[in-house]
Structure formats: C-alpha cells, structure tokens
Amino acid sequence: MVYNFTNEYSRIVCELEEYMEQLVLAPESRLTIAKKGIEKSRSTLVELKRLVIKNGFPDSKSEIHFFKEIKPAVQSYLLFYQAVFDVESLRPKYHSKRLKKYMQRKLEEIQIFMQQESRCVQYYNCCFTYLDELYFIRDREDIPIELRGNNYLEDEQFNTWQDHTFSVLMANDLLVEYLTAEIERLDSSSQTSPQFGFPATKLTWQGSKTELMEQLYSWDSDNTFGDVPLTQLSDYIQNVFNIRLDKNLSRAFSDMKIRNIPTPFLDKLKDALLKRMGRKK
C-alpha cells in the first residue's frame, strides 16, 4: 500500500484550520484563546514531524510542497499566537497609550524584517518556484553553513533553509491584521472613554458571549450610555471586558428574539440580586 503523503498532511492542516476558526469564536478571553492556539499548533507540528521522520518523502516535489506550504501553514499559527499571547499578557499591566506604543513598535519590527528579507518576501508574494529546491529541500550541502540559520542547524531532519522564513511571513500577515485592529480599537475607546481612563487592571468577562450580547442589547435599548451607536458600544465593551464578540450584531439579536426564554441572563441577574436582598422572586 502506497502511503498518501499529500492527503494525510492536508487533512492535518484542514483539521487545524477548522479548530482555529472555532477557537476565535469561543466565549473565552483572548489570552486563553492565545494559549489554546499555541498548544494546538505545537501539538500539530509534533505530529507532522513524527510522520516526516517515520515516512520521509517519495520525491523532491513532495518534500518541497511540505516545507513550502504545509509546515509554514502550521508553524505560522504558533508564531502568531505566541505574539498575541505577549500582547494580551501585557494588557492588564499597561495603560492604553503604553499598550498602543508596544503594538506600534511590533508593527515597525515587522516592517524592518520585511526589508531585511526583501528577496524572500518577493519570492513568497510572487509565488516563485525557481529556488524551491534550494529553499525547501533538507540537507543541502551546497548551502554555506553560516547561511543556514539556527533553526536549520538545530534540527536538520525537520527544517530547510527557508521554511521558517515562510512561516514568519505567513504569521506576519495575521499579526499585522490583529495589531492594526487592536490599535484602532484602542483609538476608538480613548475617544469615548472618560478622561481618567481605564483602571490599570482590566477585568475579563467570565460569562458566555451570548450573555454579554444580551446585556449589551439591554444597555443599548435603555440608552444607558446615552445616544451611542450600538457598534461603538460593542467595541467599547469588548475592550473593557477583554473579549471579542461576533461582528454580526443583528443576527445575534434575531437569535435572542426566537428563544423560548428571551432574556435568561438578565433574569438570572435579577434573581441573584433579589436573593442577595433577601427578597422573594
């Protein structure tokens, strides 16, 4: 029986991508999501390495495809979520202005990297193939040892000259989008927040996203925060409570309207307060 490399590796990557798509929708803090993203991508890399060492490759074309497409797709998630973890772990300690400067510095570092690796960036963006055998085949003795890099030298069984660079480029695509969105979020919240700003320690919402959405709509319906657009209120609340909600607010409201019990979270809050007061429901 011939081992089907392409199907097996593609299946593993597809499973990882499906997991990551569900992960960002999970009712958890971004710090927790980052931790889970790191754990999942790392375990997937371990599984890929086990298969590569066990089975090898039938030809150079398969090896190039793996180290140019498959491995970077997985490793880029690991690099991305490690960077997100760094940002989110600083969030409770840093004020908005300091956190924004940190994120801007990270964007600048990405730009510097892109300039330093301009040839590889061009090769990546243009989908070139003429250097594939040099970049993505292991154990190339014609590459001077001083050019191989630490990753290549530390594990020549699972690294090529440029697969790590491609992983970084893919991760940077995700990271630029994330950092840009977070900087915009901080700018938006600074325009609507009181002059005294947020407290140094940020609280994280411990309930579900559905419960927070119910609370959000109750505030908006009552104009608790004044005549503020729902989308702006949503951005503000997400930043305050360190959580990301579904962007489709109208769909969330439609789902609330068709529930048998339309406001279970608000009812639970009312019952909890009455109990604390010693009052009957």
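Derivation of every value follows stated rules applied to the coordinates shown; laboratory data play no part. The structure presented is a predicted model; accordingly, all values stated were derived computationally and were not measured. When we count neighbours, we look across all protein chains shown, and the Cβ atoms used for this are built from the backbone with ideal geometry, even at glycine.
Arranged by the count of other C-beta atoms within 10 angstrom, fewest first, what order do Tyr135, Tyr124, Tyr130, Tyr102 take? Let's see the in-between values first.
Working: Tyr135 22, Tyr124 19, Tyr130 8, Tyr102 15.
By the 10 Å Cβ count, ascending, the order reads Tyr130, Tyr102, Tyr124, Tyr135.
Considering every pair of different Cα atoms, what Kirkwood radius, in Å, is found for the range 1-79? Working shown, then result.
Values: mean 1/r = 0.0746 Å⁻¹.
Averaging 1/r across every pair of different Cα atoms and inverting gives 13.4 Å.
Which of the chymotrypsin sites (Phe, Trp or Tyr not before Pro) found in the range 1-81 are loop residues per DSSP with 14 or fewer other Cβ atoms within 10 Å of their Cβ? Write down the numbers at each step before the final one.
Working: sites: Tyr3, Phe5, Tyr9, Tyr19, Phe66, Phe67, Tyr77, Phe80, Tyr81; in loops: Tyr3.
Answer by residue number: Tyr3.
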- Task: Kindly express, to the nearest 10 degrees and within the range 0 to 90, the angle between helix 30-55's C-alpha long axis and the longest C-alpha principal axis of the chain.
- Result: 20
- Quick shape summary for the range 209-277, equivalent ellipsoid via Cα gyration tensor, semi-axes whole Å in descending order, reads 21, 16, 12
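Restricting things to Cα coordinates, could you compute the convex hull volume per residue of the chain in Å³? Don't skip to the answer; put the middle values down first.
On the way: hull volume 54.6 nm³, N = 281.
It comes to 194 Å³ per residue, whole-number rounded.
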- Item | Percentage relative contact order, the chain, counting C-alpha pairs under 8 Å, at least six apart | 22
- Where does helix 209-222 land angle-wise versus the long Cα axis of the chain, in degrees 0 to 90, nearest 10? 40
- Could you give the angle, 0 to 90 degrees to the nearest 10, between helix 264-277's Cα long axis and the longest principal axis of the Cα atoms of the chain? 50
- Query: How high is the relative contact order of the range 209-277, in percent, counting Cα pairs under 8 Å that sit 6 or more residues apart?
  - Reply: 39
- Where does the chain land at 222 nm, in deg cm²/dmol rounded to the nearest 500, when only DSSP H runs of n ≥ 4 count, each adding -39500 (n - 2.57), divided by all residues? -21500 deg cm²/dmol
- Under a point-charge model restricted to the Cβ atoms of Lys and Arg (+1) and Asp and Glu (-1), what is the dipole moment magnitude of the range 209-277 relative to its Cα centre, in debye to the nearest 20? 280
- Straight distance only, please: which lysines reach the Cα of Lys280 with their own Cα at less than 16 Å, same-chain residues fewer than 8 apart left out? Lys268, Lys270
- Message: Can you tell me the length gained on complete extension of the stretch Lys101 to Asp59, counting 0.36 nm per residue apart and subtracting the Cα distance?
- Response: 10.3 nm
